[in-house]
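Report on the structure given below.
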Amino acid sequence: MAQYAVNNRAQSTGEREVHKEGCIYWPSDRTALGDHSSCTTAVSAARAYYTNVDGCATCSPACHTR
């Protein structure tokens, strides 16, 4: 299990990225999503806060769709 968070600041393309703790892009302005066994459940949890969500290409490539 790993800690995940969603960036409170949108990307230039409009989505908010979900990051795994330790990512080089770990946002300072973030909402904690708690422990998850995969980025899939973390992205689902982030959708409780934002509708336009994507995984980080660096730390959550399986969930990066854009």
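The values are calculated or read from the model by the stated rules, or taken from the named source; none is laboratory data. Keep in mind the model is a prediction, meaning the values are calculated, not measured. Every residue, glycine among them, receives a Cβ derived from its backbone with ideal geometry; neighbour counts consider all protein chains shown. In case anyone asks, the SASA skips ligands and DNA or RNA and just uses the protein heavy atoms, side chains included. Shrake-Rupley method; radii C 1.70, N 1.55, O 1.52, S 1.80 Å.
Points worth noting:
- Candidates 44, 28, 12, ranked by Gaussian network fluctuation over the chain, Cα under 10 Å, top entry: 12
- Rounded to the nearest 5, the antiparallel percentage of DSSP beta bridges internal to the chain is 75%.
- Rg to Rh quotient for the chain, alpha carbon positions, Kirkwood Rh: 0.90
- Coil-residue chymotrypsin sites (Phe, Trp or Tyr not before Pro) of the chain, DSSP, other Cβ within 10 Å capped at 14: 25, 49
- For the chain, carbon and sulfur atoms together expose 47% of the accessible surface, with a 1.4 angstrom probe and every protein chain in place.
- MRE, 222 nm, helices only [DSSP H, n ≥ 4, -39500 (n - 2.57), over the chain, to nearest 500]: -3000 deg cm²/dmol
- What the chain shows is 57 Å² of accessible area per residue, with the surface traced by a 1.4 Å probe over protein heavy atoms.
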